[in-house]
């Protein structure tokens with residue numbers, strides 16, 4: 001049986017009179033060229049143009065432009081996740097040398113240090129996150145890169161980025177800052193001395209729990225090209241559909257962040273008065289390590305904070321957490337739904353003692369009614385003391401705080 005040969009009709013040109021508020025989604029792996037000469041020069045397009053879908057599409061380039069503008073950066077590079085961004089910067093800058101991480105760093109970084117960095121000949125050392133300019137005493141001729149995570153994603157220490165950056169730069173080391181908690185709306189890390197501003201786009205920038213992505217922003221073109229070169233070797237690429245979702249999220253970032261900040265402060269004040277709570281770790285509260293640095297360097301807070309519970313609550317903790325109805329149990333933050341992450345035992349520390357021994361609850365305030373969230377915590381926390389029923393506790397004492 002004979003079949004007619006399949007033919008593909010010529011592509012129609014893009015309509016010149018169609019304009020949309022939504023950015024276009026450009027899919028594609030293969031990029032085609034108009035001539036053999038253009039194809040031969042395709043590698044010249046790697047940093048700015050389009051040579052292959054893995055290395056950038058008009059959609060990903062537009063997202064990078066928007067994030068760079070928020071960060072006050074010249075360039076941005078989006079990669080598959082926040083962890084991918086941390087790994088990329090470290091591999092690109094610390095090869096054959098030493099990298100310093102704060103002891104409060106995102107926990108998977110410790111796995112990175114032992115499973116990938118050490119076999120690659122990169123020494124990882126962890127330091128007291130509150131060391132400030134004293135980090136100069138830890139810098140050696142082998143130190144290539146110093147990481148800052150401010151505040152720490154569980155224990156909320158606010159680091160003195162300007163002092164750390166000044167000391168590192170005098171020594172000839174680069175500085176990378178994970179500022180996912182703050183977003184560029186609350187603190188531009190590049191303005192405070194960082195060479196790299198890293199954001200887990202999966203969290204606030206996207207804001208809807210449906211995208212995995214990371215971003216690295218820089219002001220130095222040579223550093224940008226170094227990142228792109230290493231990222232190409234690692235096969236980093238992002239989905240144009242995901243990029244479009246993030247651009248949609250960016251349009252409501254400020255509104256979402258303002259709401260989350262206000263809700264989190266309300267909950268932090270309420271929790272500070274509970275008998276089950278030893279301390280509330282929220283950068284806007286004076287009890288939080290680095291509070292004065294937060295007042296100096298940040299333009300506000302976000303919706304993530306931690307609660308250190310008394311040790312005697314441990315046996316009842318599963319029942320309390322599982323009784324929450326508005327807070328989903330999950331490890332991320334920065335989306336429309338409120339989350340709780342129970343952490344027990346306390347995060348591993350190797351440079352300084354852990355700041356808390358009791359169980360920790362990390363809360364991420366979403367966009368729900370703040371009164372409903374407070375009521376949800378109240379009904380769940382009543383289970384810590386079953387004999388007292390669900391009676392309300394006395395009004396909590398005033399908590400000193402600063403809202404900027």
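Does residue 62 qualify as being within 22 Å of residue 230 (Cα to Cα), out of contact with any helix residue (DSSP H, G or I) (no Cβ under 6 Å at 6 or more places or on another chain) and at pLDDT 80 or above? So residue 62 passes the test.
The set of residues in the range 228-251 that are assigned to a helix (DSSP H, G or I) and under 23 Å from residue 175 (Cβ atoms) comprises 228, 229, 230, 231, 234.
Counting residues in the range 211-227 that are at pLDDT below 95, part of a loop (DSSP other than H, G, I, E, B) and touching a strand residue (DSSP E or B) at 6+ places or on another chain (Cβ under 8 Å) gives zero.
Residues are listed down the side, and each one gets a yes or a no for (1) at pLDDT 85 or above; (2) surrounded by 10 or more Cβ atoms within 10 Å (Cβ to Cβ); (3) within 41 Å of the chain's Cα centre (by Cα):
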| position | (1), (2), (3) |
| --- | --- |
| 2 | no, no, no |
| 10 | no, no, no |
| 19 | no, no, yes |
| 33 | no, yes, yes |
| 42 | yes, yes, yes |
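Results for (1) surrounded by fewer than 20 Cβ atoms within 10 Å (Cβ to Cβ); (2) under 30 Å from residue 67 (Cβ atoms); (3) not assigned by TED's automatic domain parsing to the domain that holds residue 362, shown as yes or no for each residue.
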{"position": "259", "(1), (2), (3)": "yes, yes, no"}
{"position": "265", "(1), (2), (3)": "no, yes, no"}
{"position": "269", "(1), (2), (3)": "yes, no, no"}
{"position": "279", "(1), (2), (3)": "yes, no, no"}
{"position": "284", "(1), (2), (3)": "no, yes, no"}
{"position": "295", "(1), (2), (3)": "yes, yes, no"}
{"position": "299", "(1), (2), (3)": "yes, yes, no"}
{"position": "305", "(1), (2), (3)": "no, yes, no"}
{"position": "314", "(1), (2), (3)": "yes, no, no"}
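Within the range 75-109, the set of residues being within 20 Å of residue 219 (Cβ to Cβ) and out of contact with any strand residue (DSSP E or B) (no Cβ under 7 Å at 6 or more places or on another chain) comprises 92 only. Residues in the range 199-224 that are surrounded by fewer than 16 Cβ atoms within 10 Å (Cβ to Cβ), over 19 Å from the mean Cα position of the chain (by Cα) and in contact (Cβ under 8 Å) with a residue 12 or more places away in the chain: 220, 221.
No other residue among 331, 356, 351, 335 is within 24 Å of the chain's Cα centre (by Cα), free of Cβ contacts under 8 Å to residues at least 24 places away in the same chain and part of a loop (DSSP other than H, G, I, E, B) apart from 331.
Residues in the range 169-188 that are on the phi < 0 side of the Ramachandran plot, surrounded by fewer than 20 Cβ atoms within 10 Å (Cβ to Cβ) and without any contact (Cβ under 8 Å) to a residue 40 or more places away in the chain: 169, 170, 171.
The values are calculated or read from the model by the stated rules, or taken from the named source; none is laboratory data. In this text, all values refer to a predicted model and were calculated from it rather than measured experimentally. Backbone-built Cβ (ideal geometry, glycine too); neighbour counts: all protein chains shown.
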